[in-house]
Amino acid sequence: GESVGLHLPTLSVQEGDNSIINCAYSNSASDYFIWYKQESGKGPQFIIDIRSNMDKRQGQRVTVLLNKTVKHLSLQIAATQPGDSAVYFCAENIREYGNKLVFGAGTILRVKS
Amino acid sequence: DGGITQSPKYLFRKEGQNVTLSCEQNLNHDAMYWYRQDPGQGLRLIYYSQIVNDFQKGDIAEGYSVSREKKESFPLTVTSAQKNPTAFYLCASSPTGGSQPQHFGDGTRLSIL
């Protein structure tokens, strides 16, 4: 299938381990953040979001942490499975830009069985 | 099922030719977006529309045109003025207002013949 991230950072983890994917965002005025998962040849799929008035949000097997002091966002995936292999990227909503999303380039997650 | 449908999945363009990419959504979303994705880069916004019969240029609008005659449809035309059209094109939609995730189609890959 097509690759959408030929030169992206890669995180390799063993099946069953926890994964942590990091994202540095650019604008201190960003008020909303989203994590997406993109499999080869497909469109991005929404995973989880968080508003700037929170520092942690949990979903099913995923947790997003927000550190506004250092403008850092992380996605934690518990008990990583082969089906989690994909490109993951974050997006920030910058209100002063008319609520447009700005996307990071992404991180490739490879899960080894 | 509600979702976003992009067609065709693969498209080839000859020199000097305009091509149109289709995007249809049945999510009843007011806002629709077109992005371009190149290897190793984040999604870049081409055009967006927050309501029928209205649209705005994004960050890389040159060589592209759009229309929004119906709520459900937001076609993108890649004109001959776009000198480097080879890319993966993604359409998204969302409810209007801030703090809302965008939902994506599965993309169209455009190549030059």
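The values are calculated or read from the model by the stated rules, or taken from the named source; none is laboratory data. Predicted model only: the values in this text are computed from it and were never measured. Every residue, glycine as well, gets a Cβ built from its backbone with ideal geometry; the counts of neighbours run over all protein chains shown. What goes into the accessible areas is simple: the full protein's heavy atoms, side chains included, and nothing from ligands, DNA or RNA. Shrake-Rupley method; radii C 1.70, N 1.55, O 1.52, S 1.80 Å.
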Taking the condition away from chain A (no Cβ under 12 Å), in contact (Cβ under 8 Å) with a residue 12 or more places away in the chain and more than 19 Å from A:Leu101 (Cβ to Cβ), does B:Leu113 pass?
yes
All conditions in (1) open to solvent by 10 Å² or more (accessible area, probe 1.4 Å); (2) within 27 Å of B:Gly105 (Cβ to Cβ); (3) among the polar types (S, T, N, Q) are true of A:Ser19 except (1)
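Any residue in region B:95-112 that is open to solvent by less than 10 Å² (accessible area, probe 1.4 Å), over 25 Å from A:Arg51 (Cβ atoms), among the small types (Gly, Ala, Ser) and not in a strand (DSSP E or B)? Walk me through how you get there before you give the answer.
Filtering region B:95-112 down to residues open to solvent by less than 10 Å² (accessible area, probe 1.4 Å) leaves B:102, B:105, B:107-108, B:110.
Those left that are additionally over 25 Å from A:Arg51 (Cβ atoms): B:105, B:107-108, B:110.
If we keep only those that are among the small types (Gly, Ala, Ser) too, we end up with B:105, B:107.
Filter once more, so that each one left must be not in a strand (DSSP E or B): B:105, B:107.
Yes, there is a match, as at least one residue in region B:95-112 is open to solvent by less than 10 Å² (accessible area, probe 1.4 Å), over 25 Å from A:Arg51 (Cβ atoms), among the small types (Gly, Ala, Ser) and not in a strand (DSSP E or B).
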Only one of A:Gly16, A:Gly41, A:Gly83, A:Gly104 that is touching a residue at least 60 places away in the same chain (Cβ under 8 Å) and either within 27 Å of B:Ile4 (Cβ to Cβ) or within 14 Å of chain B (Cβ to nearest Cβ) (or both):
A:Gly104
If you check B:Phe12 against the conditions, is it open to solvent by 10 Å² or more (accessible area, probe 1.4 Å), hydrophobic (A, V, I, L, M, F, W, C) and part of a strand (DSSP E or B)?
yes
Based on this model, can you work out whether A:Ser26 counts as touching a residue at least 12 places away in the same chain (Cβ under 8 Å), open to solvent by less than 70 Å² (accessible area, probe 1.4 Å), within 14 Å of chain B (Cβ to nearest Cβ) and of a type in the set (S, T, N, Q)?
no
